[in-house]
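In what follows, a single structure is set out as structure tokens and then discussed.
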Amino acid sequence: MGKPAEIPLRTPLGADKTNMRLERVATIGLILVLGLMAAISLGVASHVASVTNRTTVDVELSEQFEQARIAVVAEESLERKYRLEPSFVVRGKFQAVTTTFEKAMKEIAAIGSDGEKALTAEILAK
């Protein structure tokens, strides 16, 4: 048997215009979706950067508060030791720990919130 005859596919009149419109709408839709995705990703990146910066400050504040806490404990211990054994060595250690405490408080005041600044000012004033 022979090869079947190919029947040419005919498109209705105006179909080319409809296809062109669909292509344009699809292209515009794709561009809008890609633009929206880019805008969302920029917004997310900005938010992540902001949260990361705040976390970095919070970690630094936590470390400074920990240093201040350790300094207070050391001051109290050295104060008791000085009462039992007054010496220049103990007094020197006490002054060094006091300096460490003051440095931590000043760092907290420099990077902390307004409430933390007020707290450190009150503590250092005593």
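The values are calculated or read from the model by the stated rules, or taken from the named source; none is laboratory data. Remember, predicted model here, so these are calculated numbers, not experimental data. Glycine gets a Cβ as well: all are built from the backbone with ideal geometry, and neighbour counts include every protein chain shown.
Give the stretch 82-97 a look and list any residue that's touching a helix residue (DSSP H, G or I) at 6+ places or on another chain (Cβ under 6 Å) and within 30 Å of residue 115 (Cβ to Cβ), or say none.
94, 97
Only one of 51, 59 is under 30 Å from residue 96 (Cα atoms) and either out of contact with any helix residue (DSSP H, G or I) (no Cβ under 9 Å at 6 or more places or on another chain) or modelled with pLDDT under 95 (or both); which?
Matching residue, one of 51, 59: 59.
From the list 79, 60, which residue is within 30 Å of residue 113 (Cβ to Cβ) and assigned to a helix (DSSP H, G or I)?
Within the list 79, 60, the selection yields 60.
In the stretch 89-126, what count of residues is obtained for those that are in a helix (DSSP H, G or I), surrounded by 17 or more Cβ atoms within 10 Å (Cβ to Cβ) and among the small types (Gly, Ala, Ser)?
Summing the residues that are in a helix (DSSP H, G or I), surrounded by 17 or more Cβ atoms within 10 Å (Cβ to Cβ) and among the small types (Gly, Ala, Ser) in the stretch 89-126 gives 2.
If you scan the stretch 73-88, which residues turn out to be surrounded by 14 or more Cβ atoms within 10 Å (Cβ to Cβ) and of a type in the set (Phe, Trp, Tyr)?
82
Conditions tested, residue by residue: (1) charged (D, E, K, R); (2) under 17 Å from residue 59 (Cα atoms).
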site: 73; (1), (2): no, no
site: 96; (1), (2): no, no
site: 99; (1), (2): no, no
site: 102; (1), (2): yes, no
site: 105; (1), (2): no, yes
site: 111; (1), (2): no, yes
site: 119; (1), (2): no, no
